[in-house]
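Right, one structure below, let's go through it.
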Amino acid sequence: METRGGATFLVQGAPGAGKTALLEEMALDAMEKRWDVVEINLEDLYNPVHMAQTLGKPYVARKQTAITADAKLLSAERIKEIAGDSSVSQVLENIVPRKGLLFILDEVQRVGRFSGTPNEIQVMTTLDKLHNGKFPHPTILLAAGLGMSKVSFGDLGISRFRGGCFVELGALGKESECAVIRDWIVKEGGATGDPAPWIDAIAQNTHGWPQHISAYGDAAAKQIQYDDGEMSSEGLQVVHRLGTERREAYYKQRAEKISRKERGSLARVMKNVSSGDGLDQEDIEAALSQEYDSDKSKDLFKRALERGILHSQDGAYTIPIPSMRTWLIANYARE
């Protein structure tokens, strides 16, 4: 939070890589430094009334069980005064933050959908002013999204990021993964014995993905607390069941906008592609065109990418998480 003007900080990565958690950590750090923090959505980028209303809501951070709320930036009376301004930029020019203003925007890969729409100019103007520090107070846009987020920004005129302002997240390495699981078991759970067997068992299900590590780690900590520090085989079975349920609930949430038939189509296309390999966009769309027309095939590919079912890696597309690939194929790949 040292910038004097403005900047865009982009965190990009596959689903479950820890992007949202990183946003929250940075938001909490900003709040400690007396910056005003506001969580915005895509509509706020072009709709001045929505932006003014959003500025009247407190930012609420949820870190494990602790809940921290930042004060509202605007009162109800002030919202009425500035909500009628003709642009989002004018709304933002009329506020006075304490030290600076930090905007949080998650799932930002969807910003590319504004390209070629009636709202494109308004969105481009807002992003340009945030990115280049054109407001009378320090303003940072802290955004996170899936693998095509940087490309989506480029489509709207934001193609270069300052050094250190673009981060790509992926799965943790084995050593880091085991260290985080150990913290859940020992520090959070209060385990009294050797945690190594539990660490190894949990790591077989988490694949280095922070979202999965959190799901299984939280279940492990609570089970160990319930068992007064003991790590039993029965307790590990409970952890496995709860962690798997949470992991699959996450996959279902990711696939929410994709119908069962469409999930089946994607699963059949990807079932013979190993996790380490991938397919070109043209090959995926060509395979989908055996069931759908060209426009529908392109639309399904785009939605699968937006939802994180597919992820771009070195120009190829794959299902990013091994266990998500297994879940999709096992449940939907029937011919």
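Annotations
- Selection status of LYS99, within 29 Å of ALA17 (Cβ to Cβ), at pLDDT below 85 and of a type outside the set (A, V, I, L, M, F, W, C): no
- Those residues of region 276-314 which are touching a His at 6+ places or on another chain (Cβ under 8 Å) and part of a loop (DSSP other than H, G, I, E, B), in sequence order: none
- Summed over region 100-158, the residues that are buried (at least 17 other Cβ atoms within 10 Å of the Cβ) and free of Cβ contacts under 8 Å to residues at least 60 places away in the same chain give a count of 8.
- Restricted to region 86-195, the set of strands (runs of 3 or more DSSP E) holding at least 1 residues that are on the phi > 0 side of the Ramachandran plot and not assigned by TED's automatic domain parsing to the domain that holds PRO48 is empty.
- Of all residues in region 40-61, those that are assigned by TED's automatic domain parsing to the domain that holds PRO118 have Cβ atoms under 6 Å from Cβ atoms of residues that are of a type in the set (D, E, K, R) and part of a loop (DSSP other than H, G, I, E, B), 6 or more apart or on another chain, in PRO48/ASP85; GLY56/LYS72; PRO58/ASP70; PRO58/LYS72; TYR59/ASP70.
- Looking across region 247-270, the residues that are assigned to a helix (DSSP H, G or I) and surrounded by fewer than 16 Cβ atoms within 10 Å (Cβ to Cβ) come down to GLU248, ALA249, LYS252, GLN253, ARG260, LYS261.
- Qualifying residue in region 190-205 (condition: more than 19 Å from SER233 (Cβ to Cβ) and in contact (Cβ under 8 Å) with a residue 60 or more places away in the chain): no
- Test for VAL273: is it β-branched (Val, Ile, Thr), over 23 Å from the mean Cα position of the chain (by Cα), in the same structural domain as TRP327 (by TED's automatic domain parsing) and outside any helix (DSSP H, G or I): yes
- Subset of region 1-59 [farther than 29 Å from PRO320 by Cβ, acidic (Asp, Glu) and assigned to a helix (DSSP H, G or I)]: GLU32
The values are calculated or read from the model by the stated rules, or taken from the named source; none is laboratory data. Quick caveat, the model's predicted, so the values are computed rather than measured. Cβ atoms come from the backbone with ideal geometry, glycine included; neighbour counts cover every protein chain shown.
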